[in-house]
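Asks: Have a look at the structure that comes next, please.
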Amino acid sequence: MSDRIVVTGGAGYIGSHVCVELLSRGASLLVIDNFANSHPEAVTRIQEIANADVVLLERDMADPAHKTDIVKAVKDFRPDGGIHLAGLKAVGESVAEPARYYSVNIGSALTLIEALEAANARTIVFSSSATVYGEDNANPVDEAGATAPTNPYGRTKYFIEDMIKDIARSDDKWRAVNLRYFNPVGAHPSGKIGEDPNGLPNNLFPFIAQVAVGRREKLSVFGNDYPTSDGTGIRDYIHVSDLARGHAAALSYLHQQETGCAIDVNLGTGVGYSVLEAVAAFKRASNRDIPYEIVPRRDGDIAEIYANASLAQKLFNWRAEKSLKEMCADHWRWQSQNPDGYTD
Ligand code: UFG
């Protein structure tokens, strides 16, 4: 791959794995990150793993004062396209501060779109989420499933998907894929990069990992009275390296398209696991105890969701390959080698 790609949010959890994947395929990268929820050390480690350098621009995609710099840097880089991962992603925070979420997430996407237009590189892969589906769909959920996000964070993802489709409809030079991620977990097998949440983790795997490593006393399991096999919520966990390969596959697909397009594509494994199954698998992989207690359901959670991932297979020739066991082993390697994440 001789592509030149702009990766916004490239130092983040998913972005860092996407960078390693693209670099290992020979791509050249311009990483734009403001390190609001990521660490410069991640960029150092990406370069170590891939044995290649990236061009780094420390700017805020949502700050109007940074826009001129960003547009110029993107133009100067002469990219073939962009992957947009920069944004805010905490559901609870988005309920408390919706205006900030709309402003940052939508503003960032628009800045990249404008910069790619200025650079005459109208190819974009957008980091969307299965959260756009809400809870009214039968499983496995395919891309025609009803969209009904239940919080402002999810709505920013949904609005950006639609915005990208409007832009692609208006100009057939645009080629776009909205990737609807299911639940990304795990880490690069080297243990050098991984998820390093700020403060109390919102998501299951980083929480379990911090309990396993002794940073937290016990996991709270949010409800065991769902209509599922063991009463706990079921999700489609996908290894972040499989997810990263999905971005490379989406870019290859877009480069082969002769006319404009904007499509939504699920990235999941197609298999769901319950919270207690995930805890048991992590316990085996880490050989550590994971104490937990059952607490009431968390607002906004749904009982069960897993992907129909056949469109990604058909269009991109991509499928998830790594098992829950590998997700846990790799997540644990990262957490045990970096108990405090990317510390200074
Ligand atoms: N869970 C717990 N305890 C925890 C954390 C999670 O029991 O401490 C349970 C949840 O109730 C759910 C499952 O573990 O059943 C997975 O929860 P996560 O928070 O890890 O993931 P979600 O499915 O809630 O998150 C997904 C995406 C997010 C997105 C969210 C929107 O991964 O990026 O949907 O609702 F924000």
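Asks: Regarding ALA86, is this residue closer than 29 Å to SER2 by Cβ, part of a helix (DSSP H, G or I) and in contact (Cβ under 8 Å) with a residue 40 or more places away in the chain? Write out each step before concluding.
Replies: Working: closer than 29 Å to SER2 by Cβ: yes; part of a helix (DSSP H, G or I): no; in contact (Cβ under 8 Å) with a residue 40 or more places away in the chain: yes.
The answer is no for ALA86.
Asks: Just to be sure before I move on: is GLU161 touching a residue at least 12 places away in the same chain (Cβ under 8 Å), more than 11 Å from the ligand (Cβ to nearest atom), in a helix (DSSP H, G or I) and closer than 22 Å to ARG245 by Cα in the structure I sent? Give the derivation first.
Replies: Details: touching a residue at least 12 places away in the same chain (Cβ under 8 Å): yes; more than 11 Å from the ligand (Cβ to nearest atom): yes; in a helix (DSSP H, G or I): yes; closer than 22 Å to ARG245 by Cα: yes.
Answer is yes for this residue.
Asks: When the residues of region 171-191 are filtered to those that are farther than 23 Å from GLY81 by Cα and crowded, with 21+ Cβ neighbours inside 10 Å, which remaining residue is farthest from the ligand (Cβ to nearest atom)? Talk me through it step by step, then tell me what you get.
Replies: First, pick out the residues of region 171-191 that are farther than 23 Å from GLY81 by Cα: 182-191.
From what is left, the residues that are crowded, with 21+ Cβ neighbours inside 10 Å are 182-188.
Numbers: PHE182: 7, ASN183: 5, PRO184: 7, VAL185: 8, GLY186: 13, ALA187: 15, HIS188: 19 Å.
Per the criteria, the residue is HIS188.
Asks: Still on this structure, I have one more. When residues of region 89-100 are filtered for being part of a helix (DSSP H, G or I) and within 14 Å of ASN37 (Cα to Cα), how many remain? Quick ask: steps written out before the conclusion?
Replies: If we filter region 89-100 for residues that are part of a helix (DSSP H, G or I), which is where we start, we get 91-96, 98-100.
From the residues that got through so far, the ones that are within 14 Å of ASN37 (Cα to Cα) too are 93.
Counting residues in region 89-100 that are part of a helix (DSSP H, G or I) and within 14 Å of ASN37 (Cα to Cα) gives 1.
Asks: Would you confirm, using the coordinates I've provided, whether ILE5 is open to solvent by less than 10 Å² (accessible area, probe 1.4 Å), under 21 Å from TYR253 (Cβ atoms) and out of contact with any Cys (no Cβ under 6 Å at 6 or more places or on another chain)? Give the steps one after another, and end with the answer.
Replies: Details: open to solvent by less than 10 Å² (accessible area, probe 1.4 Å): yes; under 21 Å from TYR253 (Cβ atoms): yes; out of contact with any Cys (no Cβ under 6 Å at 6 or more places or on another chain): yes.
Against the criterion (open to solvent by less than 10 Å² (accessible area, probe 1.4 Å), under 21 Å from TYR253 (Cβ atoms) and out of contact with any Cys (no Cβ under 6 Å at 6 or more places or on another chain)), ILE5 qualifies.
Asks: List the number of the failed condition for ALA138; all other conditions in (1) hydrophobic (A, V, I, L, M, F, W, C); (2) away from the ligand (no atom under 16 Å from the Cβ); (3) touching a Cys at 6+ places or on another chain (Cβ under 9 Å) hold.
Replies: (3)
Asks: Could you list all residues from region 193-208 that are of a type in the set (A, V, I, L, M, F, W, C), buried (at least 21 other Cβ atoms within 10 Å of the Cβ) and assigned to a loop (DSSP other than H, G, I, E, B)?
Replies: ILE193 - this is the single residue of region 193-208 that is of a type in the set (A, V, I, L, M, F, W, C), buried (at least 21 other Cβ atoms within 10 Å of the Cβ) and assigned to a loop (DSSP other than H, G, I, E, B).
Asks: Name the single residue, out of those in region 272-317 being touching a Leu at 6+ places or on another chain (Cβ under 8 Å) and of a type in the set (A, V, I, L, M, F, W, C), that is nearest to the ligand (Cβ to nearest atom).
Replies: Ranking the candidates gives VAL275 first.
The values are calculated or read from the model by the stated rules, or taken from the named source; none is laboratory data. Predicted, not measured: the structure shown is a model, and the values here were computed from it. Don't worry about glycine lacking a Cβ; one is built from the backbone with ideal geometry, like all the others, and counts go over all protein chains shown. Each accessible area value is taken on the protein alone, full model and side chains, heavy atoms only, with ligands, DNA and RNA left out. Shrake-Rupley method; radii C 1.70, N 1.55, O 1.52, S 1.80 Å.
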